[in-house]
Amino acid sequence: MSAELTSTAALWWAVLFSGVYHGVNPGMGWPLAVSAGLMEARRGAMAKALAALAVGHLAAMTAILLPFSMMTLLLDWQSEIRIGAGLLVVAMGIYLLINRKHPRFLARVPPSRLALWSFLAAMAHGAGLMLVPIYLGLCGTDVADAGHQAAQQLMGQNILTALTVAGAHTLAMTFAGGVLAVIIYLWLGLRFLSKTWFNLDIVWALSLILVGAFGIYSAQIGH
């Protein structure tokens, strides 16, 4: 297997791993799905809540990645954009380390609008930004000098890649969060969650810094 294929495979694994990581993080909403199931005393309510959270998360990932996929500057300034995106992710991580308070506006979103809550939570916590360095590493820009038609084709491929990355990431997130939600719902209950779950805020912020630094490093190596 060539080094390029190995690198691409590693990036796709990173997409899935980040989805599992987001899914496990209670800040992405799976406790709300458990709560919905327990309040309505039926599993269907929990499944419906998980679906709404997935829709909101997918929308947030797509909203972050699509603008990058449609940047014509990406063809000529790939390394610079990847470094800039990495710095942005690092800055978001540092901000979350300094500011530990959860955004108050999330508490004002009614429980009936879980998709909206999920979208806003993903945006506020920088979940979409975490995917940017990984996504940019998957974008193919080797034919940037092949003319306008090739550039248009490449941009179309990048848009498809953005949608695929967002979809694969969201599926992994929903699966991981769903597994935890089912375990808590069927056997442990929210009381166990409130007593035993540890705070992931610091880990989340540090992971953003790590991913951003990796994006900067990989851009310099690729350049």
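All of the numbers you see were taken from the coordinates with simple rules; none came from a lab. No experiment lies behind these values; they were computed from the predicted model shown.
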Report the gain in length on full extension from residue 206 to residue 99: 0.36 nm times residue separation, minus Cα-Cα distance, nm rounded to one decimal.
37.2 nm
Taking 0.36 nm per residue of separation between residue 91 and residue 163 and subtracting their Cα-Cα distance, the length gained on full extension comes to 23.4 nm
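Cα convex hull of the range 1-60: how many Å³ per residue?
On the way: hull volume 5.4 nm³, N = 60.
Per-residue hull volume (Cα only) is 90 Å³.
Give, in nm to one decimal, the length gained when the segment between residue 40 and residue 7 is fully stretched (0.36 nm per residue of separation minus the Cα-Cα distance).
7.3 nm
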